[in-house]
Amino acid sequence: MCGASMKEMPNVLWLEEIKKEDIISVGGKGASLGEMTAIGLPVPKAFVVTAQAFRKFLVETGIEDTLFRKLERLDVDDNGALESVSREVQDLVLSVGIPDQIKAEVVDTYARMGANGTVVAVRSSATAEDLPEASFAGQQETFLNILGDDALLDAVQRCWASLYGARAIYYRSKQGFDDRSVNIAVVVQELIPSEKSGVMFTSHPVTGEPLTIVEGSWGLGEAVVSGSVSPDNYVFDLRSERVVDRLIAEKEIMIVPEGEHGTKIVELSAKERTAPVLTDAEVARLAMLGKIAEDHYGIPQDIEWAIVANDVFILQSRPITTIRRPDIPRAGAAAAGQQSSPLGVVLLEGQGASPGIASGRVVIVRDVKETSAVKDGDILVTKMTNPDMVPAMRRVSAIITDEGGMTCHAAIVSRELGTPAVVGTKKATKILTDGQIVTVDGEKGTIYEGAVEAPVAAPAAPTAAAAPAPVITGTLVKVNVSLPEAAQRAAATGADGVGLLRIEHLILGLSKTPGWYIEHDEEEAFITELYTGIKTVLDAFPGKPVWVRTLDAPTDEFRNMEGGEEEPLEHNPMLGWRGIRRDLQSPGQFRLQVEAFKRLWAAGYDNLGVMFPMVNHPREFIKARAMMAEWGVDVETATLGIMIEIPSSVVLVEDFIKAGIRFASFGTNDLIQYTLAIDRNNENVADMYEPEHPAVLRLIDYAIQTCRKHRVECSICGQAGSDPKMVTWLVEHGISSVSANIDAIPRIREAVARKEQQILLDAARRNA
């Protein structure tokens, strides 16, 4: 670290004072938390003891030169010497006192976190940590459930010492980092007493596919990240906004706080072991927060999260360092129960945690002390992976575990090392035997009998995308928003307003149905939550239109929530009881939403517009409008509109205009599937889902021309609004505005501007 930079940085910084550029002083973890706080993600209160404070500690205590001399002479491949020097250096760090000035600043800052003392997590944050090319996952220590000045100072000093743990020294050496260049900061963060927690990857960590992988278990997140438990696994597709796959694991334990210092392991009840940790709504909310982080950083993220009651917290975000093409092509689907393949007889299956295929001799390790038996090229088999095993993991050709998931820290390291890994097999240590020869397919999650060879796939050519500069357009370019947390980032795009604010995630994130709030006399809590969430978005777009879509959650999403026990079982919920049809038949649910809208209008938010989804006849709009008037809304001044998602609403659009709509917005996702009779989530017909189908385009064009005739704003807020080619066609046909996903705004605005310029140029040439 540069001495000048060190002097410029204080000993302690609050997260609100930190940006990602401060990584040299606050470490990867600290910089990431500061950046996430700045963009509005729900990060617990925290401060950072800077790397400047650590370096000052080394210098003022006089241990710096002695420490680095010991490390310079070390051969990290000599396990005995590595362990011995590591102990000596750590003992040296712990043997001296923290300088008084640093101690006073840490204690004073801690006091400002809470009047009666705040329970905190104390986390190491190395300055070479969480980089795009290397995560350093699990290499330094974390101390949980810390309370009191003395316990905090002790934990900070132990974090400093952990910079010189054997596994950390070894890992830095193999990654090419000089020990003198790596410092350590310490994050002191309010401890969230998690009811459920885990890790998510905003892209598939093995294949790189655009799928959010969420792993979760009960209690504190250490159970998941340490590999102590096999977590539930959920796959969320952001394109369809649905959970497309889930694996409910048998979770044997959870980790909870104990006393004033530390944690304990608690065995779960039989019911808890097999119960799903997350609802689909919670998975969706986590995925949306993950998307915010990924969009901000411009790279897929590895995120730790926690949930308490209805509150979601983001505890850490780091780049995924391991996405790569698999070494072999994915085999075709096998018949159910089949126990052989082109690669041989299948012995075991689990989750593919790190891609590649390797063969070797099985060595079963039941304790970290047994890793000395592991030789170059062996297959490491253990109950759970652990960061202490990193030196052994460096030597092996593949890794197999009974427990753990693909988001545990040790699994991340295995991917960085390029070591194939299969986790969560449940019984590898019981079925496999020492000395047995097996082949591990780390992509498919399969272990085969004997040594086999597989063809190598050619690497795919990399692709790159350029970000166009924002431009001014006559056609309004709005943005779609799903979560209030994304409001500031959405506004930063320069969008001309919000063409679609989905409130499903606000409501579904409560984990209770609107009916539950009504039944339990908790209506005010529901209204307040809705009011606050919408207000956050309105505040981010002063003077610009914000169109809020009323609740459009299918019954299968309500069924997983408290109060959803009586939800009807529908063969196809997408065609069922949702949108305006449900609100009209459930006036209590509709009234709660209207009350929130009414309060916002009364507060002066006249840029709020409300649009009704799934309308198929003007009488639905008329009835909804009348109900709002009955509840005290001035419907003559309120901006009310409809979603055009059903062919019937296109055919009757002129009748809707006569009924009083102020705007109409195409929900192309549904309009396409209902026009073409194509379920967009059905892989058997997915290739027939065609946004530019002539029938779809004719319907859209008819609605646009009718709205133009009557001077009613016509917009689009479905996925087609994020497609430059489709938007170009829409502008040519006279659409008033378009609304796109946050990350698509620059290219959509450019496409709109280019088309508008072409139209003007063509007109000028015709009149010349």
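The values are calculated or read from the model by the stated rules, or taken from the named source; none is laboratory data. In this text, all values refer to a predicted model and were calculated from it rather than measured experimentally. Cβ coordinates were reconstructed from backbone atoms using ideal geometry, including for glycine residues, and neighbour counts include every protein chain displayed.
For the reader, a short list of remarks on this structure follows.
- Gly27 being in a helix (DSSP H, G or I), at positive phi, buried (at least 16 other Cβ atoms within 10 Å of the Cβ) and in contact (Cβ under 8 Å) with a residue 24 or more places away in the chain: yes
- Candidates Ile678, Ile759 - the one that is outside any helix (DSSP H, G or I), surrounded by fewer than 22 Cβ atoms within 10 Å (Cβ to Cβ) and touching an Asp or Glu at 6+ places or on another chain (Cβ under 9 Å): Ile678
- Of the residues in the range 14-28, at least one is over 30 Å from Pro484 (Cβ atoms) and not β-branched (Val, Ile, Thr).
- Of the listed requirements (1) in contact with a Lys or Arg (Cβ under 7 Å, 6 or more places away or on another chain); (2) in contact (Cβ under 8 Å) with a residue 60 or more places away in the chain, Glu88 misses just one: (2).
Yes or no, residue by residue, for (1) in a strand (DSSP E or B); (2) within 15 Å of Gly221 (Cβ to Cβ); (3) without any contact (Cβ under 8 Å) to a residue 24 or more places away in the chain:
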| site | (1), (2), (3) |
| --- | --- |
| Glu272 | no, no, no |
| Glu282 | no, yes, no |
| Asp302 | yes, yes, no |
| Ile314 | yes, yes, no |
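- Residue check, Gly604 farther than 30 Å from Ile678 by Cβ, in contact with a helix residue (DSSP H, G or I) (Cβ under 7 Å, 6 or more places away or on another chain), modelled with pLDDT under 95 and surrounded by fewer than 22 Cβ atoms within 10 Å (Cβ to Cβ): no
- Wholly within the range 219-258, strands (runs of 3 or more DSSP E) carrying at least 2 residues that are among the aliphatic types (A, V, I, L, M): 242-247, 253-257
- Residue in the range 260-270 that is buried (at least 22 other Cβ atoms within 10 Å of the Cβ) and either assigned by TED's automatic domain parsing to the domain that holds Met384 or not in a loop (DSSP other than H, G, I, E, B) (or both) present: no
- Among the residues making up the range 601-628, those that are in a helix (DSSP H, G or I), hydrophobic (A, V, I, L, M, F, W, C) and either in contact with a Ser or Thr (Cβ under 9 Å, 6 or more places away or on another chain) or over 21 Å from Arg502 (Cα atoms) (or both) are Trp601, Ala602, Ile622, Ala624, Ala626, Met627.
- Those residues of the range 620-637 which are of a type outside the set (Asp, Glu) and without any contact (Cβ under 8 Å) to a residue 40 or more places away in the chain, in sequence order: Ile622, Lys623, Arg625, Ala626, Met628, Ala629, Gly632, Val633, Val635, Thr637
- Some residue of the range 20-32 being touching a strand residue (DSSP E or B) at 6+ places or on another chain (Cβ under 9 Å), within 30 Å of Ala492 (Cα to Cα), modelled with pLDDT under 90 and β-branched (Val, Ile, Thr): yes
- Of the residues making up the range 645-663, those that are touching a helix residue (DSSP H, G or I) at 6+ places or on another chain (Cβ under 6 Å), free of Cβ contacts under 8 Å to residues at least 40 places away in the same chain and part of a helix (DSSP H, G or I) number 1.
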